[in-house]
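The values are calculated or read from the model by the stated rules, or taken from the named source; none is laboratory data. On a predicted model such as this, the values are computed, not experimentally measured, just so you know. Using ideal geometry, Cβ is built from the backbone for each residue, glycine included, and neighbour counts are taken over all protein chains shown. Areas reflect the complete protein model, heavy atoms only, side chains present, ligands, DNA and RNA absent. Shrake-Rupley method; radii C 1.70, N 1.55, O 1.52, S 1.80 Å.
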Amino acid sequence: QVQLVESGGGLVQAGGSLRLSCAASGLNFFSPYVMAWFRQAPGKDREFVATISRRSGSTYYADSVKGRFSISRDNAKNMVFLQMNSLNSEDTAVYYCASRWGDSVSPGNYDYWGQGTQVTVSS
């Protein structure tokens, strides 16, 4: 019943920025849940990027993106965003939006997934 749709991916030069958006449907405004971003580079496993609690706003980031990426949410619109700054070639990947029920932020046990948006960083 939960559907997630990502947008905002594209081609960007190294050092540049992109903002990804995830629109969620099937979520009650008052339901507790957490949202997250994952990514998968060519030939690699899917890895955790960042997560945020809808109710508290608490966030948690992977070490690889800490200080460069920022996750945020707009609860009224059931949306979550990922602001990506200082991008480099290692950030090239398909980025996925994910969600699960709960309050605490952590990398695992996500139940719902979007279909991804491509981010390519060129040099």
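Report the calculated FRET efficiency for ASP111 and GLU90 (r = Cβ-Cβ distance, R0 = 25 Å), to the nearest 0.05. After rounding, the FRET efficiency stands at 0.35. Applying D = kT/(6 pi eta Rh) to the stretch 25-92, where Rh is the Kirkwood radius over alpha-carbon pairs, T corresponds to 10 °C and eta to 1.306 mPa s, the Stokes-Einstein value obtained is 122 µm²/s. Here the 3J(HN,Hα) profile of the stretch 47-62, calculated from phi with Karplus coefficients 6.51, -1.76 and 1.60 at θ = phi - 60°, is 10, 6, 10, 6, 8, 8, 8, 5, 7, 9, x, 4, 10, 8, 10, 5 Hz, Gly and Pro shown as x.
Within the stretch 1-103, which trypsin sites (Lys or Arg not before Pro) sit in a loop by DSSP and count at most 15 neighbouring Cβ atoms inside 10 Å? The partial results should precede the final answer.
Details: sites: ARG19, ARG39, LYS44, ARG46, ARG54, ARG55, LYS66, ARG68, ARG73, LYS77, ARG100; in loops: LYS44, ARG46, ARG54, ARG55, LYS66, ARG68.
Answer in residue order: LYS44, ARG46, ARG55, LYS66, ARG68.
With the simple spin-label model, which puts each label point 7 Å out from Cα in the Cβ direction, the GLN1 to ASP103 separation comes to 2.2 nm.
Normalised by the residues of the chain, what does the relative contact order come to in percent, with Cα pairs under 8 Å and at least six apart? Don't skip to the end; give the middle numbers.
On the way: 316 pairs, mean separation 44.5, N = 123.
Relative contact order here is 36 percent.
Estimated from the Cβ-Cβ distance and a Förster radius of 35 angstrom, the FRET efficiency linking SER25 and ALA62 is about 0.85. Charges were assigned to the Cβ only: +1 to each Lys and Arg, -1 to each Asp and Glu. The resulting dipole of the chain about its Cα centre is roughly 220 debye.
Ignoring ligands, DNA and RNA, what percent of the accessible area of the chain is carbon or sulfur (1.4 Å)?
Working: 2890 of 6320 Å².
Carbon and sulfur: 46 percent of the exposed surface of the chain.
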